[in-house]
Amino acid sequence: MSKGLPKRSEDYSAWYNELVKRADLAENSAVRGCMVIKPYGFSIWEKMQSVLDKMFKDTGHSNAYFPLFIPKSYLSKEASHVEGFAKECAVVTHYRLKNSPDGKGVIVDPEAKLEEELIVRPTSETVIWSTYKNWVQSYRDLPLLVNQWANVVRWEMRTRLFLRTAEFLWQEGHTAHSTSQEAIRETEQMLEVYANFAEQFMAMPVVKGKKTANERFAGAEDTYCIEALMQDGKALQAGTSHFLGQNFAKAFDVKFANQAGQLDFVWGTSWGVSTRLMGALIMAHSDDEGLVLPPALAPIQVVIVPIFKGKEQLELIREKAEVIRKQLLAKGISVKFDDRDTQTPGFKFAEYELKGVPVRLALGARDLENGTIEIARRDTKEKKSFKIEEAVTQVESLLADIQQNIFNKALKFREENTTKVDSFDEFVKVLDTKGGFILAHWDGSSETEEKIKEETKATIRCIPLDAKDEAGKCIYTGKPSTKRVVFARAY
């Protein structure tokens with residue numbers, strides 16, 4: 001199954017693209033720049049959705065749905081927002097087709113031009129805030145804590161499956177509050193939700209921080225983010241949470257009567273993660289043999305592969321395997337018994353290794369005689385034999401150990417690939433030879449940040465929330481700096 005999979009060390013991009021396809025996660029569609037998420041890939045996204053949805057609801061949020069189409073005039077109401085998205089918008093201009101006069105297919109009916117063009121949703125702040133105007137009259141209507149699971153379109157010309165596609169899936173939270181303090185607390189809370197999800201479920205360590213003005217979401221006062229490091233030394237923004245201030249409330253005239261009876265604009269937030277997390281999951285953990293999935297998000301946590309000759313042996317093995325399967329299911333562990341007789345056990349082993357199934361059980365006729373079962377773990381490829389009656393206990397313990405081991409490995413990689421530098425020459429050298437996160441002083445100006453980006457293609461990923469005050473000099477200008485920021489080349 002994994003034969004011919006490119007090596008990460010030789011061509012990381014080719015390895016990634018090939019792995020996404022061979023592991024049955026996704027493929028390019030007939031529509032340029034869009035993807036088909038295949039059942040196995042979508043089952044991972046569903047697990048992500050399920051976990052996140054519970055985390056959102058546990059923090060008081062409810063789901064709603066808003067239109068896919070946004071009137072063009074809405075985007076004009078918040079100046080920095082439209083500037084940030086104008087180049088990525090897909091625009092609907094007509095509402096009808098008709099048969100072509102030459103009989104060859106259909107054409108756009110020129111008589112069916114829309115009075116106002118519609119934008120296919122690149123993000124929903126404008127359409128949601130136009131709705132909130134009708135929902136908010138007094139402080140009693142606040143806070144509004146709403147999330148939407150949806151698809152969005154951002155017209156990308158250079159695409160890569162999961163990481164950057166013209167259409168992708170995501171969730172977007174949009175909340176309205178009576179005070180700035182409450183909105184900021186919401187923004188910070190949702191950043192914590194994302195960080196906890198990334199580390200506890202994706203087994204992916206992240207740096208929590210604030211974006212610089214250059215990297216801030218269009219229309220936000222502040223953007224908080226989590227940044228992860230991929231195995232090729234590039235950063236990936238894994239989630240963002242934005243404090244919108246009163247910008248969208250003012251643009252759409254969303255006011256409320258406070259407890260003193262005075263009218264004021266509400267304070268807003270928005271926050272989101274997307275199917276880009278699928279790309280992060282692949283690149284943070286997988287190896288040259290295929291996917292390495294953390295058990296918390298693996299669609300199949302355990303696969304049982306029978307090793308048999310003939311139906312009689314298979315039925316004896318099935319009987320024992322079914323007992324194990326039911327016991328595992330009772331503990332909330334997902335299990336597959338693969339009794340296909342069209343593939344050899346060796347083929348199945350390679351297939352499930354490629355698909356990143358965390359634990360594999362192999363059970364044959366000789367195992368039944370000896371009362372043993374072979375248990376293999378995907379992360380380290382170790383395999384051992386245990387008594388059959390110990391199988392469930394061993395699997396349960398092993399899944400927890402694999403989850404922690406995958407996180408520890410990713411954390412160790414990040415630590416080994418985080419470098420402090422104090423000069424621009426050193427900065428460039430580390431970027432070109434090692435990559436990873438670079439901790440360096442910066443003078444705080446957008447001009448310096450832009451020049452560094454132009455010369456090196458590295459950006460400030462974030463100003464870490466836990467950054468310690470430390471007097472220093474900007475690596476580019478030599479001007480005073482009070483703390484180090486995280487630079488990296490990124491996806």
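The values are calculated or read from the model by the stated rules, or taken from the named source; none is laboratory data. Remember, it's a predicted structure, so these values are computed and weren't measured experimentally. So basically every Cβ, Gly included, is an ideal-geometry build from the backbone, and we count neighbours across all protein chains shown. Quick note on the areas: whole protein, heavy atoms, side chains included, nothing else; ligands and nucleic acids left out. Shrake-Rupley method; radii C 1.70, N 1.55, O 1.52, S 1.80 Å.
Per-structure values
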| read-out | value |
| --- | --- |
| Cross-link pairs Lys7/Lys409; Lys234/Lys420; Lys309/Lys387; Lys7/Lys355 - those with Cα-Cα distance over 24 Å | none |
| Eligible lysines near Lys77 by straight Cα distance, threshold 22 Å, same-chain separation 8 or greater | Lys87, Lys133, Lys250, Lys255 |
| Neighbourhood charge, 14 Å Cβ-Cβ cut-off, centred on Glu46 and excluding it, Lys, Arg +1 and Asp, Glu -1 | +2 |
| Shape of the stretch 5-76, Cα gyration tensor, a/c cut at 1.5 | oblate |
| With all protein chains modelled, accessible area of Trp170 [1.4 Å, Å²] | 30 Å² |
| Helix-derived mean residue ellipticity, 222 nm - over the chain, DSSP H n ≥ 4, -39500 (n - 2.57), to 500 | -11000 deg cm²/dmol |
| Cα gyration tensor shape of the stretch 286-343, rounded if a/c is under 1.5, else prolate or oblate by comparing a/b with b/c | oblate |
| Environment charge at Asp287 (Cβ cut-off 11 Å; Lys +1, Arg +1, Asp -1, Glu -1) | +1 |
| Where the chain is the region considered: accessible area per residue in Å², 1.4 Å probe | 47 Å² |
| Accessible heavy-atom area order of Leu52, Leu329, highest first, probe of 1.4 Å | Leu329, Leu52 |
| Dipole magnitude of the chain about its Cα centre (Cβ charges: Lys, Arg +1; Asp, Glu -1), debye to nearest 20 | 600 debye |
| For Asp287, residues with placed amide H under 5 Å, excluding near neighbours | Val292 |
| Size of the chain as Cα extents on the principal axes (Å, biggest first) | 80, 67, 57 |
| Mean separation of Cα contacts under 8 Å, 6 or more apart, over the residue count of the chain: relative contact order % | 14 percent |
| Between the stretch 139-176 and the stretch 283-334, the alpha-carbon center distance in angstrom | 35 Å |
| Tensor-based shape of the stretch 1-150 (alpha-carbon gyration tensor, a/c under 1.5 rounded, otherwise prolate or oblate) | oblate |
| J(HN,Hα) series, the stretch 101-116, from Karplus relation 6.51 cos²θ - 1.76 cosθ + 1.60, nearest Hz, glycine and proline x | x, 7, x, 9, x, 10, 9, 5, 6, x, 6, 10, 6, 5, 5, 10 |
| Solvent-accessible surface (1.4 angstrom probe) belonging to Arg22, in square angstrom, nearest 10 | 80 Å² |
| Which of Pro464, Ser397, Phe308, positive extreme of dipole for the chain (C-beta unit charges) | Phe308 |
| Sequence of Ser423, Ser9 from largest to smallest accessible area, 1.4 Å probe | Ser9, Ser423 |
| Area accessible to solvent at Ile388, 1.4 Å probe radius, in Å² | 20 Å² |
| Accessible area in the full protein assembly, largest first, 1.4 Å probe, for Ile119, Ile184 | Ile184, Ile119 |
| Amide hydrogen neighbours beyond the local backbone of Gly364, cut-off 5 Å, H modeled | Ile307 |
